[in-house]
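Each value in this text was obtained by applying a stated rule to the coordinates, not by laboratory testing. Computed from a predicted model, the values in this text were never measured in an experiment. When we count neighbours, we look across all protein chains shown, and the Cβ atoms used for this are built from the backbone with ideal geometry, even at glycine.
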Amino acid sequence: MINLDDFNELVLARRSMRSFLSTPVPDEDLKRIFETAKFAPSNCNTQPWQVCVVSGETGTKVQQALLASTGVGKFQLDFPFDDSVYNGEYKERQVGAAKAYLSAASIAREDTTGRNGFMKSNLSFYDAPHAAFIFMPQWCGVREASDVGMYAQNLLLAMRAHNVGSCPQTILGFNADAVRSVLNVPSNMKLLFGISFGYFDPQHPLNTVRTERASIEDSVSFYS
Ligand SMILES: Cc1cc2nc3c(=O)[nH]c(=O)nc-3n(C[C@H](O)[C@H](O)[C@H](O)COP(=O)(O)O)c2cc1C
């Protein structure tokens, strides 16, 4: 029988970590994490995720490729990202989260240099020793993206259960061609996002940020 308190604790213990230790996660644990994650549900059991896990030299090469291309403003995303569509409470949540992260990083809003540095650390996996790049085949649409989201949440929880912290990052897909080129991934596999992961210092200010959530009264309606 699954212990409900343990499950709730696991879900609440997961949060996005943005500072990591360099100690790599042992191969055996990596395999167990991905073994568990694969049991995610998907439309018609199609399992439309393809994952590239990078560590060591390959991880550094991917970071360099991302920094080189994204640093000069040359974005090439497989799927558009446009935060100007956020409005009302959605915009407020985005601003609230950004304020919390910048404050934890001791970066003032008007500090352009500091913000650029934070963007670079985003692209450098926040110094995590590993990153997982999540691709799906070109034919996939919004339904398959929802499958991949379920897989990704399994992955984040499985990582946390192994005491491994993580940060899902759209920004790691900001130059999909550069990532594909380093990893020899064919152009018909499309990059949704990446996940930086590794062991973490729970006391680090960037790892103590707890973003707010709307109450369930605002997001769930019960009918009977
Ligand atoms: C698909 C996805 C993409 C994200 N992209 C980024 C990113 O590029 N950089 C980043 O620092 N955080 C990113 N995040 C983390 C969110 O900011 C974070 O999940 C949100 O603020 C809620 O906080 P929590 O994960 O700590 O609960 C992303 C999260 C998701 C699910």
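Only residues that are within 14 Å of the ligand (Cβ to nearest atom), outside any strand (DSSP E or B), over 22 Å from residue 151 (Cα atoms) and in contact (Cβ under 8 Å) with a residue 40 or more places away in the chain: list them for segment 167-209, please. Result: 200, 204, 205, 206, 207, 208, 209. Please go through segment 30-52 and give me each residue that is surrounded by fewer than 19 Cβ atoms within 10 Å (Cβ to Cβ) and in a helix (DSSP H, G or I), ordered by number. The answer is 31, 32, 34, 35, 36, 43, 44, 45.
For segment 154-166, give me each residue that is closer than 23 Å to residue 121 by Cα and either touching a residue at least 60 places away in the same chain (Cβ under 8 Å) or assigned to a helix (DSSP H, G or I) (or both). Before the answer, list the steps.
We begin by selecting, within segment 154-166, every residue closer than 23 Å to residue 121 by Cα; these are 155-156, 159-160, 163-166.
Within segment 154-166, 155, 156, 159, 160, 164, 165, 166 qualify.
Of all the listed residues (64, 50), the sole one being under 27 Å from residue 150 (Cβ atoms) and not hydrophobic (A, V, I, L, M, F, W, C) is 50.
Across segment 83-125, which residue is farthest from the ligand (Cβ to nearest atom) among those that are part of a loop (DSSP other than H, G, I, E, B) and of a type outside the set (Ser, Thr, Tyr)? Top of the filtered list is 110.
Evaluate the following for residue 132: is it within 13 Å of the ligand (Cβ to nearest atom), of a type in the set (A, V, I, L, M) and touching a Cys at 6+ places or on another chain (Cβ under 8 Å)? It would help to see each step written out before you state the result.
On the way: within 13 Å of the ligand (Cβ to nearest atom): yes; of a type in the set (A, V, I, L, M): yes; touching a Cys at 6+ places or on another chain (Cβ under 8 Å): yes.
Yes, satisfied.
When residues in segment 1-29 are screened for being of a type in the set (Val, Ile, Thr) and in a helix (DSSP H, G or I), 1 of them pass.
The single condition among (1) basic (Lys, Arg); (2) within 30 Å of residue 9 (Cβ to Cβ); (3) in contact (Cβ under 8 Å) with a residue 12 or more places away in the chain that residue 115 does not satisfy is (2). So how many residues does segment 1-36 have that are within 16 Å of the ligand (Cβ to nearest atom) and touching a residue at least 24 places away in the same chain (Cβ under 8 Å)? So the count comes out to 10. Of the residues 61, 120, the single one that is surrounded by 13 or more Cβ atoms within 10 Å (Cβ to Cβ), of a type in the set (Lys, Arg) and free of Cβ contacts under 8 Å to residues at least 60 places away in the same chain is 120. Can residue 132 be described as assigned to a strand (DSSP E or B) and surrounded by 16 or more Cβ atoms within 10 Å (Cβ to Cβ)? Yes; evaluated as a whole, the condition is true for this residue.
Screening segment 210-224 for residues that are part of a loop (DSSP other than H, G, I, E, B) and over 19 Å from the mean Cα position of the chain (by Cα) and picking the one that is farthest from the ligand (Cβ to nearest atom) gives 224.
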